[in-house]
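A quick write-up on the structure given underneath.
Throughout, read-outs are computed from the coordinates displayed, never taken from laboratory work. Note that the coordinates shown come from a computational prediction; the quantities given were computed from them, not determined experimentally. Cβ coordinates were reconstructed from backbone atoms using ideal geometry, including for glycine residues, and neighbour counts include every protein chain displayed.
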Amino acid sequence: MNNKMLVLLTLVLALTTLKVVGGSNTCNNLRKTFIVATASADDTYEMGVCEGIADNPDKAFAYLSMAVNKGFNDADWMMADPDLEQLSQDPRWLPLVQRTEKIQQDLLVSTLQENKL
């Protein structure tokens, strides 16, 4: 292995490690400050993501459901979020996404109706 390849491999490893550590620190910081009663819908969604990444699907679905109850309605983002990919095989996934889609559609209809008035 030549020096250029070794430097490139080291750089890729360092960047990968930084991403993993950064993601882990983000979740750890969120866990330290997270209070369910006062958390925003987006922060509650992020807690669900963190629990999904940590392979805690029960907690992940509980937080994601709470996020939807608090107003999170971006079903498109939820389905495209690579951090939630491991949850998509769970039988709770589709009902959660469908509920989020319904809220998203209802909000769109409501917004369109308000703009017509």
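Taking ASP58 as the residue in question, decide whether it is under 20 Å from ASN28 (Cβ atoms) and either among the small types (Gly, Ala, Ser) or touching a helix residue (DSSP H, G or I) at 6+ places or on another chain (Cβ under 7 Å) (or both). No; evaluated as a whole, the condition is false for this residue.
Quick check: is even one residue across region 63-78 free of Cβ contacts under 8 Å to residues at least 24 places away in the same chain, of a type in the set (S, T, N, Q) and under 21 Å from LEU107 (Cβ atoms)? Checked region 63-78: at least one residue is free of Cβ contacts under 8 Å to residues at least 24 places away in the same chain, of a type in the set (S, T, N, Q) and under 21 Å from LEU107 (Cβ atoms).
If the condition is being closer than 13 Å to GLN86 by Cβ and either of a type in the set (D, E, K, R) or outside any helix (DSSP H, G or I) (or both), then region 35-57 contributes GLU51, ALA54, ASP55, ASN56.
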